[in-house]
Amino acid sequence: MFSSERGHPMLLSSWLGSFEAYGFRYVILAAVEENELIGGIGLVIAKFGPFKFVNCPMGPLIKKGREAEIKFLVSEAVNYCKTIKCNAFQMEAPFSTDRTTEFLLPETELKIDAHSERGFPFRFAYAPNQLLWIDFNRFTGADNEEKLLKSFNSNTRRNIRASMKSGLELRYARTPEEIKEAYNLIELNGIQHGYAVRKWEDFGEWLISQVNDGFAMILTANYNDIPVSAHYSILAGRRCTYVMGGTMRMEKDLKAGHFIHWQAILYAMRNGFLGYDFSSGGSPGVMRFKHGFNPEHIQFADPYVFIFSPGKYLLFRKIWPLVQKNKETVSSILKLFRRIS
């Protein structure tokens with residue numbers, strides 16, 4: 001489903017497998033008919049002491065024309081969760097109440113043999129529940145890149161044009177050393193702005209694998225041969241999805257963030273992708289930056305939560321905020337248990 005419009009970056013095995021660093025494991029259930037892949041659903045299985053939860057970051061994925069199989073795949077996922085005796089199963093489905101696109105499924109009422117509710121209680125191994133979407137189909141003709149640039153707000157256009165004259169040079173990080181150097185900028189950016197970023201020790205080997213397999217793109221903007229901005233996006237579902245990035249604080253404002261996003265957008269347009277997705281939200285400043293590119297906001301419907309052990313589910317929901325506040329400690333404990341076992 002990688003090359004299909006229905007693909008999703010968070011359902012790649014190289015993304016699901018990266019959570020093994022925290023002691024989680026994953027499985028992919030596939031629907032096959034006469035050796036043809038019809039669809040699939042990826043599950044991340046997390047165990048916290050006596051609690052066991054399963055999360056589908058985004059799914060199921062279904063081939064166009066086979067939407068009738070949505071319920072079948074979800075039912076099979078629910079049955080699997082019951083088999084492994086998990087307490088609850090959270091599933092973000094690619095449904096939108098706003099509108100339909102080539103890569104969204106028609107919203108389906110899932111009447112499955114399990115108690116369910118709608119919500120977003122657990123944010124581990126999850127995908128952004130929205131798109132911030134730039135649709136390239138809106139820009140056609142020989143001057144499509146100029147039309148695209150003119151669709152941005154005036155301040156963003158001005159910053160992009162200034163960045164192109166600031167002496168920045170675009171580089172593609174391909175070797176493990178280049179990828180690690182780029183990711184160092186992303187980690188540093190998280191520290192400077194006070195948000196959590198996955199550590200290189202936990203994520204680096206998977207990131208290198210994604211780049212080597214052609215599923216990810218790591219860009220850097222270099223100034224005087226030094227990387228000053230980094231950009232990580234996943235190439236799946238015929239779209240370029242921005243995952244994370246970082247820009248070095250400098251005395252001279254090179255507009256490196258505008259430069260590197262513009263270069264990523266141009267890469268996606270020139271290589272036949274359907275569009276560019278800024279994906280997640282962020283701080284007010286980050287959102288002002290992203291909205292300067294005038295992406296369309298497509299909100300997904302709330303995830304489904306299938307509950308198999310109501311008591312444990314409610315108890316863990318009370319504990320979960322404490323887990324969230326102490327991610328580093330919990331992660332270290334999970335890794336320790338993984339080594340012992």
Determine ³J(HN,Hα), in whole Hz, for all residues of segment 103-108 in sequence, where each value follows from phi through the Karplus function 6.51 cos²θ - 1.76 cosθ + 1.60 and θ = phi - 60°; x replaces Gly and Pro. 10, 9, 8, x, 4, 10
If only Cα atoms are counted, what is the Rg of segment 141-211, and what is its Dmax, in Å? 16.7, 45
Taking the Cα atoms only, what angle lies between the long axis of helix 327-340 and the longest principal axis of the chain, rounded to 10 degrees? 60
Cross-link reach list, lysines versus residue 180, counting only Cα pairs under 29 Å and skipping chain neighbours closer than eight places: 165, 199, 252, 255, 290, 325, 327, 335
Could you list log10 I(q)/I(0) for segment 1-130 at q = 0.09, 0.14, 0.16 Å⁻¹, which the Debye formula gives when each Cα is one point scatterer? -0.24, -0.59, -0.79
Segment 228-290 pair-distance distribution - Cα-Cα, 5 Å bins, rounded %: 4, 17, 27, 25, 16, 8, 3, 1
Once phi is turned into ³J(HN,Hα) by the Karplus curve 6.51 cos²θ - 1.76 cosθ + 1.60 with θ = phi - 60°, what whole-Hz value does each residue of segment 133-144 show in order, with x for glycine and proline? 10, 9, 8, 5, 5, 6, 10, 10, x, 5, 9, 4
Keeping all protein chains in position, work out how much accessible area residue 198 exposes to a 1.4 Å probe, and write it in Å² to the nearest 10. 40
Computed from the beta carbon distance with a Förster radius of 41 Å, FRET efficiency for residue 297 and residue 35 to the nearest 0.05 stands at 0.55
Just the Kirkwood number for segment 1-57, please: inverse of mean 1/r across all distinct Cα pairs, in Å, one decimal. 12.4
Taking the Cα centre of the chain as origin and charging only Cβ (+1 Lys, Arg; -1 Asp, Glu), how large is the dipole, in debye to the nearest 20? 940
Nitroxide proxy distance, nm - points 7 Å out along Cα→Cβ at residue 5 and residue 158: 3.8
For the chain, what's the radius of gyration and Dmax over Cα atoms, in angstrom? 20.6, 61
Run the reach check for residue 64 against lysines, Cα to Cα strictly under 23 Å, same-chain hits fewer than 8 apart removed. What comes back? 111
Would you mind giving the three semi-axes, in whole Å and largest first, of the ellipsoid equivalent to segment 103-149 according to its Cα gyration tensor? 38, 15, 6
Could you list, bin by bin from short to long, the percent of Cα-Cα pairs of segment 80-188 in 10 Å steps? 9, 21, 26, 26, 14, 5, 0
In sequence order, calculated HN-Hα J values of segment 290-297 (Karplus, 6.51, -1.76, 1.60; Hz; x Gly/Pro): 5, 5, x, 8, 6, x, 7, 8
For the chain, take the longest principal axis of its alpha carbons; what is the angle in degrees between that and the long axis of helix 310-325, to the nearest 10 within 0 to 90? 30
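The values are calculated or read from the model by the stated rules, or taken from the named source; none is laboratory data. Model, not experiment: these values are computed from the prediction. For neighbour counting, all protein chains shown are included, and Cβ atoms are generated from backbone atoms with ideal geometry for every residue, glycine included. Protein only, heavy atoms only, side chains kept; ligands, DNA and RNA dropped before computing areas. Shrake-Rupley method; radii C 1.70, N 1.55, O 1.52, S 1.80 Å.
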